[in-house]
Amino acid sequence: MKRFWLIVVTGSLVALGGCHSFKKENIQPPTPLAKDFKPTVHVAQVWKTRVGHGAGMSGVRMQPTIVDGVLYAASTDGAIGAYDANTGKTLWEKKTRTHGWFGLGDKKRPDAFYSGGPAVAGDLLVIGTLDGHVYGLSAKDGSQRWVATLPSEVIDSPAVAGALVIVRTQDGRVYGLDTGTGDRRWVNDQGNVPLLSLRGNGPLLVTNGVVFFGSDDGKLIALREDNGDKLWEQHLASGEGRTDIERMNDADGGVVLDGSTLYASAYHGNLSAVDGPSGRPLWSRPFSTYTSLVVNGNALYGVNTDSQVWAFDKSSGADMWKNDNLKYRWLTAPAVQGDYVVVGDIEGYVHWLQTGDGALAARERLSKKAIRAQPVVAGDLVYVEDIQGHLVAYRLGAK
C-alpha cells in the first residue's frame, strides 16, 4: 500500500529555520528567549562527545540508552558506539558498512540509516535501520551477531523482552524476533494504517508479558508478548476534521506505565489514563501532542503541539500548571531531573523548569542545531543529543 508521511513540525522547521522563512511559510516563529533571564539553579556540563552526524534531516529521533553505567548511541550515517556514562570516555565505536539502501548500490557504503536508538539487554544490543534491517550486536564490542530484514523502515528503538526482540515498522506491523538468531517468531499487522501520517513511532513498552504502543490511527493497543495477538485497544483520538491533515491522529509518543495505570496521548486527540490489565479507561482530557509523556510523583508532564509545557494531576488529569514561555520552540518530550522538567528546543537550547510551578530555572545551549529526542536521565545526569549527533551530559548543582 502506498503511504505518505509528514515529518512533524520540528523536522520541517529545521530546514526552514536556516533560511529564516517562518513568516513566508506561514509558520509561527519560535518565541524569543528572555535576554534578562536569571537562572535559579546551576547547570554544569560534565562531558560532551559526538556520535557520527546524528539524525541529520531524516526526521527521526535518535535517542541514546543507558544500561549499567554505559551509554549507547548511534547515528543515521552508520556510526554506533558505547561510552562511559559518567565520563564520556569511548569504550568502543563502529562504523557499519554492509548493505546499500534497500540492498541496492555500492556495497561499501554505510548501512546507515541506524534509527531511533539502540536497546540493550545483557550482552545483546539491537537497533533498527531506515532501510528495514534490525541488527543484533554484542554490547561489549559492537561485533555483529545477526541481521534480520523487514519490509519497511524501523524508525524507533526496538525492545528486548526475554527471548524476543520486539520491533515496530513504519508500515504498521509489529514483529517478535528471536534474540539469538533474529528469526521471525510472530507478526501483528494492524492492517489499517492511514495513508497520511506523521513521520514517527512512539517507543514500545513491553512489561508483564504485554506489548503496549500507540498506533498511527490514534489507538492505544495491547498485544500478547508471546504470540503478538491483540488483547485490547482504546481510542485516543476520534479522527474527525475537515481536511486530511486535521484528521491525522497519530499516537507517536511513548506509553507510560505507573503502577498498573497506562498514560498515552495522540496528535489532535486526548491524554488518557487506562487500566493496564483490562484496558478500561480511567479518565481522558483533550491534549494534542506528538511527543512522549513522563510521570514523576503525583504529576504527569507533557508538551503540546504548540510547545506549551503542561503538568497534570496523574490521578484525575486536572491542570496543575502550564508554561507558555517556550511556545513554538518545538520542544522535545520532557524528562525529569530531580526537581526540574528538562526539554530541548529547535535552536539547540536545553531548558529546565521547576516541577512545582513550571517556572523557568535554567537554560544551556548544546549547539545551534535542533534537539528532537527526549532527554535521558540516569542518576544525577541528564543526557541530551541534537540532530547532528552532539551529545552532552549535564549535572545540576546549587546556585
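The values are calculated or read from the model by the stated rules, or taken from the named source; none is laboratory data. All figures in this text were calculated on a predicted structure; none of them were measured in a lab. No Cβ is skipped: glycine too gets one built from the backbone with ideal geometry, and neighbour counts run over all protein chains shown. Side chains are part of the model used for accessible areas, which takes the heavy atoms of the whole protein and leaves out ligands, DNA and RNA. Shrake-Rupley method; radii C 1.70, N 1.55, O 1.52, S 1.80 Å.
Structural remarks
- Portion, in percent, of the accessible area of segment 335-394 that falls on carbon or sulfur, probe 1.4 Å: 39 percent
- Accessible area of segment 148-189 divided out per residue, in Å², using a probe of 1.4 angstrom: 33 Å²
- Percent breakdown of C-alpha pair distances by 5 Å bin, ordered from the shortest bin, for segment 331-394: 4, 22, 33, 25, 13, 3, 0
- Candidate cross-link partners of Lys230 among the aspartates and glutamates, defined by an alpha-carbon separation under 18 Å and a same-chain spacing of 8 or more, comprise Asp171, Asp189, Asp216, Asp217, Asp275.
- Loop-resident sites, segment 266-342, for chymotrypsin sites (Phe, Trp or Tyr not before Pro), counting at most 11 other Cβ within 10 Å (DSSP): none
- Ellipsoid fit via the Cα gyration tensor, segment 59-336: semi-axes of 31, 21, 19 Å, each the root of five times an eigenvalue, largest first.
- Over the Cα atoms of segment 272-399, the radius of gyration divided by the Kirkwood radius equals 0.98; this is the Rg/Rh ratio.
- Pairs with C-alpha atoms separated by more than 23 Å, drawn from the list Lys219/Lys369; Lys38/Lys368; Lys314/Lys368; Lys38/Lys327; Lys35/Lys322; Lys95/Lys140, are Lys219/Lys369; Lys314/Lys368.
- Sorted into 10 angstrom bins from 0, the C-alpha pair distances of segment 30-88 split as 18, 33, 29, 20, 0 percent.
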